[in-house]
1. Name the GluC sites (Glu not before Pro) in the range 519-614 that are in a loop by DSSP and that have at most 15 other C-beta atoms within 10 Å, would you?
2. What label, among (1) 85, 74, 55; (2) 94, 63, 48; (3) 107, 80, 75, belongs to Cα extents along the principal axes in Å computed from the structure on display?
3. Let me know the charge dipole size of the range 758-847 about its Cα centre in debye, to the nearest 20, where only the beta-carbon of Lys, Arg (+1) and Asp, Glu (-1) is charged.
4. By its C-alpha gyration tensor, with a ≥ b ≥ c as the square roots of the eigenvalues, how is the range 236-313 shaped: rounded for a/c under 1.5, else prolate for a/b larger than b/c, else oblate?
5. Kirkwood hydrodynamic radius, computed over distinct alpha-carbon pairs, for the range 613-699: how many Å, to one decimal?
6. Arrange Tyr185, Tyr263, Tyr422 by Cβ neighbour counts within 10 Å, fewest through most, would you?
7. Of Leu488, His519, Met509, which is farthest towards the positive pole of the range 480-527's charge dipole, taken about the Cα centre with +1 and -1 on the beta-carbons of Lys, Arg and Asp, Glu respectively?
8. Are there trypsin sites (Lys or Arg not before Pro) in the range 282-351 that DSSP marks as loop and that have at most 15 other Cβ atoms within 10 Å, and which are they?
Amino acid sequence: MTQHKQIQRLVLTLAVSFSLLCSVRAAEPVKPDASQLEFFEQHIRPVLIEKCADCHSGDADAESTLAVHSRAALMKGGDYGPAILPGNAQQSLLFQSIQRTHKALKMPPDAEEKLKPETIAHFKRWIDGGAPWPAEKPKPLPTSQKNKAQKLTTSHWCFLPRTTVAPPAVNNPQWSASPIDRFVYARLQKENLKPVDLAPRRTLIRRATFDLTGLPPTPQEVKEFRNDTASDQTAFAKVIDRLLASPAYGERWGRHWLNVARYADTQGDVGDFPIPGAYLYRNWVIDAFNADLPYDQFLKAQLAGDILAEREADPKQAQQLKIATGFIALSRRFGNTRYEDQNLTIDDTIDTVGRGIMGVTLKCARCHDHKFDPMLATDYYGLYGIFESTLYPSMGASNQPSPTQLVSAENDPDSQQKIDEYWDLLSYYQHQIRNHFRPWLKPTLEEYKEVTAQIEAAKKAGNPTDKLELRRQKLLATHKGKFRELMLHGLPWLKAEKARMVKEPPAEMLYAVIDGKPHHSRLHRRGNPENPGDIVPRQFINVISNSKPEIDKTESGREELADWLTAPAHPLTARVIVNRLWYHHFGQGLVKTVDNFGVLGDTPSHPQLLDYLAGQLIEQQWSLKALHRQIMLSRVYRLDSRDLTENMNRDPDNVYLWQHSRRRLDAESIRDALLSVSGELDREQGGPHPFIPWHKKGYSLNRPFHEDFPTKKRSVYLMTQRLYKHPFLGRFNGPETNETSGTRDSSHLPTQALYLMNAPLLPELAAAFGKRIQQAAATEESQIIQAYQLAFCRNPTAAELSEAAQFLEYYREELKTERSDKDTKTNQIAWAGLAKVLLTSNEFFFID
């Protein structure tokens, strides 16, 4: 063998060995983090149970040798080999089979039951991420119906009652004025961490203004705060009170809640039908924050506003209570037909109530008893019955494009009945119009015309028409009588009658919910509504409830649920909202997993502080503005963001709050700040979007709704779609619209910079910013100073002032060379160039 061939063989052997080693290592399970496990429980395990487990159970008499009950079973595989290759979805048989690209394996076998593209994408993400699978430990959870009546117990902190604890004593006068500071400083001492000094006033007002309003402070506001001769604490308190009183506060913090409520202006079904009335709920949320509506009342209105409205004497207030139920009404829709997949819509509601309000993953109990948290499938279906007893509205669907079950804005049962009858009749007419040309209907229509003509001829001849009339009535009753008007009056009459009805609705209608027929739900075996189990009484979470709830048999139970969630003794509700406020003020929660306090979530970094603040919220009548003041006036909030090397080594993630973490602005604040400093921001509250009326446009899987309505209003008022990201917000980690989400990613990508430089928005706003600066001051030096004050809330340094002046001069000279006519717009173009530099700088995009 030649030396060359020996080398080739050695290289090949090493390559094969390395490939095998990588495969083995990829197959080795690594300890997954909480987010991976939550993703698995929400998106992978339910599909394996519902779609695969019947045939792939691992039992001796199963239809296939492949089992899907564990990661090891999938790794072992079946007749064709391993089902998954962790880290490589494209080469995994499981992924190939659900994609239906494998020659022999196509799962599910029935093509009509193939998985949705988003579900397939979930499996790709899961396998490429190493196929993380939780290590299941036996739990003393009851499984028999007899045991399920027993009371569950747990030692996990979040399900236990809050503790009443006094702030610890500290030996530092600077850290002893505020109870919050005493908790934090005691922990810093325990961890041997030294806090940094306080932030300067310029940093503080910029931080606080973005935190509370999502906008930058004006140069005048910065000047007034910096020149205030009062103590730092007193001067800053004035700033906080001013910001909390601003309408911008509700817009900022309303947006945070809309993230939790997974707000969108479209339904999310395959056509993503628009919801013209969704904006009313959005504005209700904003107004509620501005009015400092107590948080317990805020929740009650969203869960049971329609029930509360029946007891409200003020018609306007009653209407607002109904609008608040948009929290439920805006649950995501699925499929081609109205209410075809209603179980998934209710699942979305339960998930939002669970993670959004209580910080627990309820939907993990849809297919089975929760694998980690002390919650049963009966807990899930106890809640399911409450929402299944609720009527959800619809703006239509691909196969049924007319709306239905919209709610009367009036407190009048007759008005609601007229609305229901109105939509039933419109839907009835719409069905005839949409199907008048069907081949299966054509023979009936032609025969009806012939019989009608025969009747008319017989009448003229004086002949009997009894038999012919009997035949005509039978034809009118064919297809269950659903084409009676088409035969009697013809297509033009139907279209005209539909047009008349559209212009003459019987009453004002809202996209809200009301009670339907109250009933208990059946458990869905393996989460499949077509495989019902025992009836489960409407109830709450067993491990938290002291007793079975007494639910009014004439109502859904949503009011009782709201009362239970907002009871002062509830262990989760106050803790969760306190943690949400803390997250938005500090960049991370006291519980890092903001939406999951359960076993798979993180434990609190300062558990006693969390319970203290939850107690304070309740003592202060659930006032969120009072909680903001308490947090922001603490010393820990006012710390600088500079680093200390010794602290970075011990606590690189700033878990113990020795500094204030530097953060990138979120998507909405970036856009709003650009509009604000350029002088282009429209501060008026947003209204309805210019959707095409439902009767003039239909949507489907092949023609889904997709629009972008340009506006210079604040980002919270942008039209938000479920199926498509906004062109600006989507590039900067904008809102998640398909599920509740209390946190945001913060990516830093080259594509973001490229988008800013090439999209039309930034050049337009840079030109406006430059024009504003030129008009604001007389000299170029004062103009540059004004530009820095607007963009960064500070004056430029001497070096920056010189560099900016040189930039403008160089830019003007270059333009004069290119423009032979010495255009007078040269200076304006140069200023737009400098404005673009300032508006895309790191300092503009980050808050310290």
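1. Glu530, Glu550
2. (3)
3. 260 debye
4. oblate
5. Value: 18.0 Å, from the Cα pair sum.
6. Listed from fewest to most nearby Cβ atoms, that is Tyr422, Tyr263, Tyr185.
7. Of the options given, the answer is His519.
8. Sparse-neighbourhood loop trypsin sites (Lys or Arg not before Pro): Arg311.
Taken together, the values in this text are just the output of simple stated rules run on the coordinates, not laboratory data. No experiment lies behind these values; they were computed from the predicted model shown. We place every Cβ from the backbone using ideal geometry, glycine too, and count neighbours over all the protein chains shown.
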